[in-house]
1. What pairs come out if I take residues in the stretch 352-368 that are over 13 Å from Gln264 (Cβ atoms) and pair them with residues that are of a type in the set (S, T, N, Q) and surrounded by 13 or more Cβ atoms within 10 Å (Cβ to Cβ) whose C-beta lies under 8 Å away, six or more apart or interchain?
2. For Val313, indicate whether it is modelled with pLDDT under 95, under 20 Å from the mean Cα position of the chain (by Cα) and surrounded by 20 or more Cβ atoms within 10 Å (Cβ to Cβ).
3. Starting from residues that are among the hydroxyl-bearing types (Ser, Thr, Tyr) and within 26 Å of Ser78 (Cα to Cα), keep the ones in the stretch 104-138 and report whichever is surrounded by the fewest Cβ atoms within 10 Å (Cβ to Cβ).
4. I'd like the full set of residues that are surrounded by 24 or more Cβ atoms within 10 Å (Cβ to Cβ) and among the hydroxyl-bearing types (Ser, Thr, Tyr), limited to the stretch 246-278.
5. When you check Leu180 against the structure, is it touching a residue at least 60 places away in the same chain (Cβ under 8 Å) and closer than 29 Å to Ala287 by Cα, yes or no?
6. If you go through the stretch 153-174 one residue at a time, do you hit one that is touching a residue at least 40 places away in the same chain (Cβ under 8 Å), assigned by TED's automatic domain parsing to the domain that holds Ile207, surrounded by fewer than 21 Cβ atoms within 10 Å (Cβ to Cβ) and not hydrophobic (A, V, I, L, M, F, W, C)?
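The values are calculated or read from the model by the stated rules, or taken from the named source; none is laboratory data. Computed from a predicted model, the values in this text were never measured in an experiment. Positions of Cβ are backbone-derived with ideal geometry, glycine not excepted, and every protein chain shown enters the neighbour counts.
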Amino acid sequence: MGIFIACSLGQAAAQSFPFPTEWEKLWTQAVPLFHQDTVEICILGDVMMHTKQIEKAAAEDGTYDFSSYFRAIKDKISDADIAIANMEFTLGGKPYSGYPCFSAPDELAEYVAECGVDVFLCANNHIFDKGASGAMRTLEMYEMLKESHGISTTGLSKDNEAFEKEFPLLVRAKGISVALVNFTYGTNIGSGKEWPKVIRTGNRREIEKAISKAEDADADITVALPHWGQEYKLQHSEAQEETARWLIGQGADMIIGTHPHVVQDYQEIDGKPVVYSIGNAVSNMSATNTQVGLMTTIRIIRDRNGDVTMMPVEFTYLWCSRPGGFDDTYTVIPIREYLDRRNEWKNPWDYEKMISSYDRIRRETGIEDGIREKQDTNINHNK
C-alpha cells in the first residue's frame with residue numbers, strides 16, 4: 001500500500017512541476033539494503049605429522065622447516081576469505097613423535113597459519129594422543145598464534161567458557177557469518193579429565209544445540225565438519241549417511257568430513273552438499289589412494305536484498321608427493337595443473353602413481369576436478 005501511494009504521489013507531482021520533487025529525488029536515489037558480496041571458503045583435509053616428516057624437516061640448528069608443503073597451493077589458501085584445515089596432531093612438546101601418538105614441532109602450526117589458514121579444526125581422534133596436558137599445551141600454542149596470526153580454533157575447548165564461544169565457531173567475512181560445527185567420532189586416548197574436551201558424534205544433544213545457536217545468531221551458513229567414517233574406504237558408510245541426514249534435518253547447510261585418509265563420494269541431501277571425506281592434505285602415507293586429497297572451495301553470495309546463495313562446490317584434487325617423488329621434499333601439488341608435466345618429476349614413477357590414483361578416485365567417487373554443475377542452494381535464513 002505504501003509503494004502504491006508513493007508512486008501515485010510521484011505521478012501527481014510530475015504533472016504539476018517540470019522538475020523532480022525532493023520526494024522523487026529520494027525515491028530514485030534509494031540504495032540497496034546490502035552490498036553484493038562473495039565470500040570464498042577453502043577447506044583442506046588432514047594435516048598430519050609422521051616421523052619421517054619430522055626427520056626431513058629437522059635443521060641442524062634445532063628448528064624445523066615445512067616451507068615446501070603448501071608452496072604450490074599457498075596462493076589459493078591465502079586468497080580465500082576463510083581458510084580451514086583439520087590439524088590432526090598435537091603440539092604436546094618434546095620428544096616429538098609420529099604415529100600412533102602424534103606430537104609435532106610447534107613450527108608446523110605456525111607454518112600453516114603463515115600460509116593463510118584462518119581456522120584450525122581440532123576435533124579428531126588424535127587430539128588426546130599426549131593426554132589432557134598435551135591437548136592443553138596445543139591450545140596454549142594456538143592461543144599464541146591467535147595473537148600473532150589471527151587464527152581461530154574449534155573442536156577442542158579448554159573450559160566451559162571457551163566451549164560456549166567456540167561450539168559453534170562463528171566466523172565473519174565481508175559481512176557474511178559462517179558457523180562451523182566440528183566434532184569427532186571419538187579419540188584414541190581418553191583425556192581422563194572433564195576439560196579440555198571435544199564433542200563426539202554420539203552427543204547429538206550438544207550438536208543439535210550448536211546448530212540451533214548458529215541459527216539464533218543469524219549465521220548465514222552452517223557447515224558441519226565431522227571427523228568420521230571408515231578409513232581407506234572410497235564410499236561412505238550407512239552410519240555416515242544416517243548422521244548426515246540428521247545433520248541436514250537439524251539445519252546444517254553443508255557437511256564436509258575428514259578421517260578416512262582418502263577421498264570419499266559426494267551426495268546431496270535435500271539439495272544440501274555432503275562431502276563425506278576430503279582425504280589427507282599432507283602426510284607420509286603411501287597406501288593406495290592416501291596421497292590424494294581434495295581442497296574444497298565454497299562460494300557464498302549475498303545479493304543486494306540480503307538473500308544468501310551457496311554456489312556449486314569447487315573441488316581441487318591434490319597430490320602429496322613424498323621425498324624422492326616430485327623432488328626431495330614433501331610437496332602438495334594441484335593435480336590438474338601438473339598434468340602432462342611428467343618431465344618435471346625427479347622420479348617419473350611418482351607421476352604415474354599420481355595419475356592412476358587420480359583416475360581411479362574420480363571414477364569410484366564420481367567427484368570431478370572443478371566446479372560441480374548442478375548444486376546451487378539458496379540458504380537464506382532471514383526470518
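1. Lys353/Gln291; Met354/Gln291; Met354/Ser321; Ser357/Thr288; Ser357/Asn289; Ser357/Gln291; Arg360/Asn289
2. Numbers: modelled with pLDDT under 95: no; under 20 Å from the mean Cα position of the chain (by Cα): yes; surrounded by 20 or more Cβ atoms within 10 Å (Cβ to Cβ): yes.
Taking the combined requirement at face value, the residue does not satisfy it.
3. Of the stretch 104-138, the ones among the hydroxyl-bearing types (Ser, Thr, Tyr) are 111, 133, 138.
From the residues that got through so far, the ones that are within 26 Å of Ser78 (Cα to Cα) too are 111, 138.
Numbers: Tyr111: 19, Thr138: 30.
Here the residue is Tyr111.
4. Thr258, Tyr276, Ser277
5. On the way: touching a residue at least 60 places away in the same chain (Cβ under 8 Å): yes; closer than 29 Å to Ala287 by Cα: no.
Judged against the criteria, Leu180 is not a match.
6. Yes, that holds for at least one residue.
Okay, residues lined up against (1) modelled with pLDDT of 95 or more; (2) of a type outside the set (A, V, I, L, M, F, W, C); (3) more than 27 Å from Arg172 (Cβ to Cβ):
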position: Ala219; (1), (2), (3): yes, no, no
position: Asp253; (1), (2), (3): yes, yes, no
position: His259; (1), (2), (3): yes, yes, yes
position: Ser283; (1), (2), (3): yes, yes, yes
position: Leu294; (1), (2), (3): yes, no, no
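Residues are listed down the side, and each one gets a yes or a no for (1) touching a Leu at 6+ places or on another chain (Cβ under 9 Å); (2) modelled with pLDDT of 95 or more; (3) not in a helix (DSSP H, G or I):
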residue: Tyr111; (1), (2), (3): no, yes, no
residue: Phe120; (1), (2), (3): yes, yes, yes
residue: Asn125; (1), (2), (3): no, yes, yes
residue: Gly134; (1), (2), (3): yes, yes, no
residue: Thr138; (1), (2), (3): yes, yes, no
residue: Met141; (1), (2), (3): yes, yes, no
residue: Val171; (1), (2), (3): yes, yes, yes
residue: Asn182; (1), (2), (3): yes, yes, yes
residue: Ser191; (1), (2), (3): no, no, yes
